[in-house]
There are 2 protein chains.
Amino acid sequence: MSENRVLINLSNHHIHLTTEDLEILFGKGHTLTKTKDLMQPGQFATEETVTIVGPKGKLEGFRVLGPVRKETQCEILASDIFKLGVKGCPVKESGHLEGSFPFEIVGPAGSLKKERGLIVALRHIHFDPESAKKFGVVDHEIVSLKVAGERGATFENVVCRVGPTHSLECHLDFDEGNAVGIGNGAMGEIIKK
Amino acid sequence: MSENRVLINLSNHHIHLTTEDLEILFGKGHTLTKTKDLMQPGQFATEETVTIVGPKGKLEGFRVLGPVRKETQCEILASDIFKLGVKGCPVKESGHLEGSFPFEIVGPAGSLKKERGLIVALRHIHFDPESAKKFGVVDHEIVSLKVAGERGATFENVVCRVGPTHSLECHLDFDEGNAVGIGNGAMGEIIKK
């Protein structure tokens, strides 16, 4: 019998920056200051925060995650959409930025207008290849995730991301976690289609 | 075949006050000023707001709903729990305040310490008796609610509230609505157990 229970951690809104954008926002030669390793190998929280600006409002103290990436990507919560004024901002898988929204970033040393990169992150589960085998899933397979409890729910359209740089962990965002009344470290049950 | 589709509207956090508490907070003889009728017969939004105070923080501009009730009841979002510092605040059906949390209310004319009344509202569906018959549900029956879409999910533990003062409508809160990417006026499918 394949396994079906997976650890869930909750993501707040956050931004990933390119080296070029990091230097525009924080100054030439600036490097990120790690505060905490995240569960996904090589990923970390940093001291750095920026302000994200939309047509109708802004989000201050917005956390930068490291390391730097090939393209700048800002992952907001659905609950941020109204505040920023970005109705229609698409739900996208990380790194799939076709059709994502434009936005502005303000840092201590400069600011930037990005033509794309603003998304609501698609709920997903990271699998190392061995775990994927145990769970019987393949990369980009869509599964459901059942969360038990008095506010229990089954989330549809959860994408499986399998690769050697991944570690077994489900990422829901704060809105999703609050809706089912869980915090970091809760468990969910994967339901295959 | 019974019906299974129901209109969903989203609730933000809000408070219901007794006449006595309303007068302490807003002054002797004060009455609520209606700004908008809500879908449930006799219920309305008001101009009045208060500040809700918890052990670790406060929520300002917190909306009062009318009319006055027999007991003061403050319905927060799960996402407010951390801000107020009320970890463990129970998920409760409206009016079922045994085991609810204490809290403080600050109004323009005075403030109040309540020994109970702070809850996270249990997701629920209002039915008039005729609609309940059509849907084949009885008062306090627990059903599931399926919301379609790219962020679709099936919420468990949705309580049916049937009575002549109710009008057919499902109430989810902002956290739940954001988690499934819907706004007011979305439709859900009732799934009986």
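Each principal axis of the Cα atoms in region B:1-118 has its own extent, and those three values, largest first, are 54, 34, 23 angstrom. Within the full protein context, the accessible area of A:GLU23 is estimated at about 50 Å² for a probe radius of 1.4 Å.
Sequence-distant contacts, meaning Cα pairs under 8 Å at least 6 residues apart, place the relative contact order of region A:73-118 at 37 percent. Each label was represented as a point 7 Å from its Cα along the Cα-to-Cβ direction; for A:LYS34 and A:VAL91 these points are 3.3 nm apart. When +1 charges are put on Lys and Arg Cβ atoms and -1 charges on Asp and Glu Cβ atoms, the dipole computed for the protein assembly as shown relative to its Cα centre reaches about 20 debye. Considering only beta bridges that DSSP places wholly inside chain B, some 70 percent are antiparallel. Just so you know, the Rg over Rh for region B:59-193 is 0.99, from Cα atoms, with Rh as the Kirkwood radius. For region B:145-193, the Stokes-Einstein estimate of translational diffusion at 20 °C and a viscosity of 1.002 mPa s comes to 182 µm²/s, using the Kirkwood hydrodynamic radius over alpha-carbon pairs.
Each 10 Å bin from zero holds the following percent of Cα-Cα pairs in the protein assembly as shown: 5, 21, 28, 25, 15, 5, 1. Rg and Dmax of region A:80-126, based on Cα coordinates, read 12.0, 36 Å.
Per residue, the Cα convex hull of region B:49-119 amounts to 91 Å³.
Across peptide B:108-119, the average count of Cβ atoms from other chains found within 10 Å of a residue's Cβ is 0. With a Förster radius of 45 Å applied to the C-beta separation of B:GLU115 and A:GLU47, the computed FRET efficiency comes to 0.60. Around the Cα centre of region A:90-193, unit charges on the Cβ atoms of Lys, Arg, Asp and Glu (plus for the first two, minus for the last two) sum to a dipole of about 100 debye. With the helix formula -39500 (n - 2.57) applied to DSSP H stretches of n ≥ 4, chain B reaches a computed 222 nm mean residue ellipticity of -3000 deg cm²/dmol.
Only bridges whose two residues both fall in the protein assembly as shown count here: according to DSSP, what percent of them are antiparallel, nearest 5? Counting DSSP beta bridges with both partners in the protein assembly as shown, the antiparallel share is about 70 percent. Counting only DSSP beta bridges with both residues in region B:52-134, the antiparallel share comes to about 65 percent.
Measuring from centroid to centroid over Cα atoms, what is the spacing of region A:59-109 and region B:80-103 in Å? That distance is 32 Å.
How big, in percent, is the set of alpha carbon pairs in region B:27-80 lying more than 19 Å apart? Pairs farther apart than 19 Å: 35 percent.
The values are calculated or read from the model by the stated rules, or taken from the named source; none is laboratory data. This one's a predicted model, so the numbers in the text were calculated from it and none came from an experiment. Counting neighbours? That spans all protein chains shown, and the Cβs are built from the backbone with ideal geometry, glycine included. Protein only, heavy atoms only, side chains kept; ligands, DNA and RNA dropped before computing areas. Shrake-Rupley method; radii C 1.70, N 1.55, O 1.52, S 1.80 Å.
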